[in-house]
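Single-structure report; data block below.
What follows draws every value from the coordinates through simple rules; no lab data is involved. All of these numbers come straight from a predicted model, not from anything done at the bench. FYI the Cβ positions are ideal-geometry reconstructions off the backbone, even for glycines, and counts take in every protein chain you see.
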Number of protein chains: 2
Amino acid sequence: MLRKVKAAQYGCGKMSVYLMRYLLEKGADIVAAFDVNPAVIGKDIGEIIGGGKTLGVVVSDARDAERILAERKPDVCVIATLSTMADVGEAFTACARNGVNAIATAEEAIFPWNSSPAITAELDALAKQHGCTLAGSGYPDMYWGVLVDTLAGSLHKLTRIVGSSSYNVEDYGIALARAHGAGLTLAEFAEQLGCNNDLGSRDIAQKITTGEVAPSYMWNQNGWLCARLGLTAVSQVQKCLPMTHATDLHSSTLGMTIKAGCATGMSAVVVTETAEGITLETQCIGKVYAPDEFDRNEWCFEGEPDVTITVDRPATVELTCATLVNRIPALIDAAPGYISTDKLPNNVYLVRSMESYVKG
Amino acid sequence: MLRKVKAAQYGCGKMSVYLMRYLLEKGADIVAAFDVNPAVIGKDIGEIIGGGKTLGVVVSDARDAERILAERKPDVCVIATLSTMADVGEAFTACARNGVNAIATAEEAIFPWNSSPAITAELDALAKQHGCTLAGSGYPDMYWGVLVDTLAGSLHKLTRIVGSSSYNVEDYGIALARAHGAGLTLAEFAEQLGCNNDLGSRDIAQKITTGEVAPSYMWNQNGWLCARLGLTAVSQVQKCLPMTHATDLHSSTLGMTIKAGCATGMSAVVVTETAEGITLETQCIGKVYAPDEFDRNEWCFEGEPDVTITVDRPATVELTCATLVNRIPALIDAAPGYISTDKLPNNVYLVRSMESYVKG
Ligand SMILES: NC(=O)c1ccc[n+]([C@@H]2O[C@H](COP(=O)([O-])OP(=O)(O)OC[C@H]3O[C@@H](n4cnc5c(N)ncnc54)[C@H](OP(=O)(O)O)[C@@H]3O)[C@@H](O)[C@H]2O)c1
C-alpha cells in the first residue's frame, strides 16, 4: 500500500493508550476514535496516549460510529471495549456494515466459533457481504497460540499439551475483573462461576453456546489450537476454581479491598480430547496479584521428546497490543469474513512502516 | 502425494538412529542408506535403529551413492555425516545430480550463504538444473531460528536480541567435539580457535568465506535471522572462548579424560549490527558436560516490551531429528535450488502420515 494505513480506535480505555501509540509509531494515521464514557468523549487522543501532544483527533460518541466510519473510511478499526462477542458485536457490526476491517482485543474473539457460533456466523456473513475481515488478537494469540503451534513443529510425537498462564486482573478493566470473580466470597464464586464444574462435554458446550455459561479464555484457545494443529476435538470440559490470598488485597480496578480468603480471581482449566489422541490441558489464572506475584506463561509438550518453554514475567499488556497491531497488515489483506487468526499467516515484527506490509 | 514418501539416509551414525526411526514412524519408506565406515556398511538399517527388527535395507558404501540414488529415486535424502558445507558438498552433489531433494544436519547448512557462498552457489545451480531442493535443518532451525522470528512478531519495538544455547558435545559425533576444541589445552585452544577473536567484521568475514576460519554455528544463525526478519547486516564479528571445568571430565566421544582446566568445549559469541538498528548477540556453548550440567536455551528480546523465553533441558538430539524430518514435506514442495529454511514455510507437527502433507 503506498499511502499510510488509516486506523480507527473503538474503545479508549487502558489498552487504547498502548494500541494508539503503537499504531502511530508503526506509521498508521488515526482518523477516528470512539467511546461511550462521557468522561472520555471529546478528549483529544493525544491526551489519552499521554506525552503532551495534541493530535487533532477527538474521541466521538460510539453512537456516531457508523456515520463517522462511513465518512472517514479507515482501513482498520481496533476494538478494545469489552471481553465477549456479545459485548463487541455492535462494534464489529458497525465496522462490517461499512466494509471496515476490524480486530478486537475481546478474549472470546480469538476463536468465537466454539462459544458464540450464531453471532460469529452473522458477522462472518456481514463481513463477506461488505468485503472486509474481522478477527480477534492479543496476548493469547501469540503466547497461547502461535507459539504453541510453532514449537509443536519440532516434536516427533505429541500426546499432551499442558499450558498455564497467569495475569494480573489489575492490569485490565472492570469487565475482566468481574469475569474472573475477583472480590466475590467463595460462596458467591461457587454459585456464580463454579456451579458448572461438573457438567460433561456436551452439556457445557450447549450452555456456553446459549450464553448460560461464560467460556473461559482457554475454552476458545483450545478451539484455536485444534483448528491450527489440524486436530478434531471429541470432548471439551471446563472447570473454574477460585484463587485466594492469605491477607487482604486492595484492587484499584474494583475500587475495593478483597478480604483474605475471598476470591482474588479465578483459575479456569479446560481439557480437550481429540480424535488424534492428543490431549490439550490448558489453564489460565487471572487474579489480583499480591505484591510478590508476577505474570507467567509455561507450556509443556509431552511426547517425543518432552519440551517445556517458559516466559517469565511477560509484559502482558504491551504484548497484547503489539501482537494485535502486528496482525493488521495480514488482516487488511485477508479474505473477507470472520477470519480467526488460526487462518491467518503468523504475525511478523514490523521492521518498516505498516503500509509497506500491505499487499492489496 | 498418494504413495508413501521414499527416503534415503546418508550417514548412519548417532543421529541416523533417530532420523531413520522418525522417518519410518511418520510413514516414509527408507529405500537406501549410505556410510563410509566399514563397520557400518553392510548392516541392516533395522540393526542400526535398534528394536530387533530387520528391515531389508542394507547400508551401502557411500561411493555407490550416485548409482543407487539414480536407481531407487528417493523423494528425499537425509544427510547426517559431518558439520560443514565442505564436508557435505559431495553428498549434496550426489543428490542434486540425480534430482533428489536433500536436507542435512550439517550445522553450516542452515544458512551457508554467509560462510561458504561459492559451494552453496554451485549446489544451488546444480539443484536448479536438476529440479530439486537442498537445505539444512536441525535444532537451531527451530530453537535459534523459527522460534525467535515467531516471538519477534509480538513486539512493538526491537533493539537487541540476545540468545544463548548450550549442548553436550558427548551427545554428538567426533566432528562436533573437535570443532569445539574439546580436550585441547588452553594454549592449543588459543592458537587453534581463539586466534581470530580480534578480527574486525570485514576481515573475519573474508577468512570465513575462504575457509581459513571456521564459522561458529551462530555465524550462520545470525545470517538466517537477518534474512528471515528482513534485516540488513552491516557488521558481524565472532569470538571463540574456551570453557573449562574444575575437575577432570571423561569424554566417551573423544575417548579421553579432559584434565581440569583444559578446554571442555567452546563458547562462541557472534554479534551482528544491522542497518535497521537491531543488534543480534548470540552465543552457543558446546562442551563436555559435568554430571550436573544440562542443555539450556534462552532468548531475550530487548525493546518494547522486553521478553525472555527459556527452554530448560531441551532434548537437543531428538529435537534436531524431529525438526528436520518435519521439514521434509515443505522441502519436497519447495522451488528448486539451495533454499535455506528461512525461505520455507515454518515446519508443522505432522499429525498424519508425511505424504499427506506433500502437495506436488
Ligand atoms: N544441526 C543440528 O542441530 C545438529 C544436531 C546434531 C548433530 N548435528 C551434526 O550432524 C552430523 C552427524 O552427527 P552424528 O552424531 O550422527 O555423527 P556420527 O555419529 O559421527 O555419525 C556420522 C556418520 O557418517 C559417516 N560419514 C562421515 N563422512 C561421511 C561421508 N562423507 N559419507 C558418508 N558417510 C560419512 C561417519 O562414518 P565415520 O564414523 O567412519 O566417520 C558416521 O558413521 C554431525 O556433523 C553433527 O555435528 C547437527
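Figures for the structure shown
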read-out: From the C-alpha gyration tensor of the stretch A:1-57, square roots of 5λ in Å; value: 19, 12, 10
read-out: Max mean-square fluctuation residue, GNM over chain A, Cα-Cα springs under 10 Å, options A:V169, A:V271, A:V36; value: A:V36
read-out: Environment charge of A:G337, counting only residues whose C-beta is closer than 11 Å and scoring Lys/Arg +1, Asp/Glu -1; value: +1
read-out: Lys, Arg +1 and Asp, Glu -1 on Cβ, resulting dipole of the stretch B:68-202 about Cα centre, debye, nearest 20; value: 420 debye
read-out: Candidates A:A227, A:A275, A:A86: whichever shows maximal mean-square fluctuation once chain A is modelled as a Gaussian network with Cα springs under 10 Å; value: A:A275
read-out: Positive-end extreme of charge dipole, the stretch A:156-304 - chosen from A:S267, A:S165, A:N222 (charges on Cβ); value: A:N222
read-out: Relative contact order (%) - criterion: Cα under 8 Å, at least six apart; region: the stretch A:1-114; value: 26 percent
read-out: For the stretch A:93-159 versus the stretch B:41-97, the gap between their alpha-carbon centres in whole angstrom; value: 45 Å
read-out: GNM flexibility winner over chain A from A:E108, A:E276, A:E318 (Cα, springs under 10 Å); value: A:E276
read-out: The stretch A:1-159: proportion of alpha-carbon pairs further apart than 21 angstrom, %; value: 48 percent
read-out: Average beta-carbon neighbours from other chains, 10 Å sphere, peptide A:308-317; value: 5
read-out: Debye equation applied to the C-alpha atoms of the stretch B:97-231, log10 I(q)/I(0) at 0.11, 0.16, 0.21 Å⁻¹; value: -0.50, -1.02, -1.40
read-out: Point-charge dipole on Cβ atoms (K/R +1, D/E -1) for chain B, about Cα centre, debye to 20; value: 1000 debye
read-out: Shortest-first nm distances, B:S353 label point to equivalent points in other copies (7 Å, Cα→Cβ); value: 5.3
read-out: Of all DSSP beta bridges in the protein assembly as shown, antiparallel share, percent nearest 5; value: 55 percent
read-out: Mean projected area in nm² (Cα convex hull; one quarter of hull surface) for the stretch A:156-304; value: 9.4 nm²
read-out: Per-residue HN-Hα couplings for the stretch A:68-82 [Karplus 6.51, -1.76, 1.60; θ = phi - 60°; Hz; x = Gly/Pro]; value: 5, 5, 5, 6, 8, 6, x, 7, 8, 10, 9, 9, 9, 10, 10
read-out: Dipole magnitude of the stretch A:156-304, debye to nearest 20 (Cβ charges: Lys/Arg +1, Asp/Glu -1, about Cα centre); value: 240 debye
read-out: For chain A: relative contact order, % (alpha-carbon pairs under 8 angstrom, 6 or more apart); value: 22 percent
read-out: Degrees between helix A:316-333 axis and first principal axis of chain A (Cα, 0 to 90, nearest 10); value: 60 degrees
read-out: Local electrostatic count at B:L229 - Lys and Arg +1, Asp and Glu -1, tallied over other residues with Cβ under 11 Å; value: -2
read-out: Expected 222 nm ellipticity per residue - DSSP helices of 4 or more, -39500 (n - 2.57), all of the protein assembly as shown, to 500; value: -9000 deg cm²/dmol
read-out: Per-copy distances of the B:T247 label point, shortest first, in nm (7 angstrom along Cα→Cβ); value: 4.3
read-out: Overall Cα dimensions of the protein assembly as shown - principal axes, largest extent first, Å; value: 81, 55, 54
read-out: Under the Karplus curve 6.51 cos²θ - 1.76 cosθ + 1.60, θ = phi - 60°, whole-Hz ³J(HN,Hα) for the stretch B:90-104, x wherever Gly or Pro sits; value: 5, 5, 4, 5, 4, 5, 4, 4, 9, x, 9, 4, 9, 9, 10
read-out: Label 7 Å beyond Cα on the Cβ vector: B:A39 copy-to-copy distances, nm; value: 7.7
read-out: Cross-link table B:K6/B:K359; B:K239/B:K343; A:K343/B:K6; A:K157/B:K343, entries beyond 22 Å C-alpha to C-alpha; value: B:K239/B:K343; A:K343/B:K6; A:K157/B:K343
read-out: Degrees between helix B:117-130 axis and first principal axis of chain B (Cα, 0 to 90, nearest 10); value: 20 degrees
read-out: Dimensionless Rg ratio for chain B, taking C-alpha atoms and the 2.2 N^0.38 Å reference; value: 0.97
read-out: For B:E212, B:E107, order by how many other beta-carbon atoms lie within 10 Å, fewest first; value: B:E212, B:E107
read-out: For the stretch B:126-188, Kirkwood radius (reciprocal of mean inverse C-alpha pair distance, Å); value: 15.7 Å
